[in-house]
Amino acid sequence: MVPGNNQTGGNSAYTMVHPGLSHYLDYPDVAGIACPKPMMFCCGSRDALFPVESVKEAFAKMQRIWDSQNAGDKLVTKLYDSPHEYNLSMQEDAFLWLDKVMSR
C-alpha cells in the first residue's frame, strides 16, 4: 500500500473496517494471522491497484511466515497475467485447490 491510494483513503479494503490498521500491518501481515492454515492467494500482474513488485514482496513475506511454522507447503501464491479481477482461470485454480485441501 502507498499513501494516497484508494486503500488508505477509506474507499475500500480492510483499512475501512479497522481504521489505522495500515499504520501497523500490511496485507501479508494480516494474511499471516491465518498461518499455519492452508491459504491460496491470487493476484493479477496487470492490476493497477497492486504493483507486481509489491505483490511479489508480499508473497515472499507470506512464504517466510508459513515456512517459519513448517507449513510452507500449505501456502499457494499465484500471479496471473490479468488486471484487477477474479477471472475464470483463477476460479478454476481455486476450486481445484479447495478440492485438494478439503479432501485431506
- A correct Karplus calculation of ³J(HN,Hα) over segment 77-86, with 6.51 cos²θ - 1.76 cosθ + 1.60, θ = phi - 60°, whole Hz and x for Gly and Pro, returns 10, 9, 10, 9, 7, 7, x, 6, 7, 10
- Item | Cross-link reach list, aspartates and glutamates versus K100, counting only Cα pairs under 19 Å and skipping chain neighbours closer than eight places | D73, E92
- Message: Using each residue's phi in segment 35-45, evaluate 6.51 cos²θ - 1.76 cosθ + 1.60 at θ = phi - 60° and report the 3J(HN,Hα) Karplus result to the nearest Hz, with x for Gly and Pro.
- Response: 4, x, 5, x, 9, 10, 10, 10, 9, x, 6
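Values in this text are rule-based calculations from the coordinates and carry no lab data. Being a predicted model, the structure only gives us computed values, none of them experimental.
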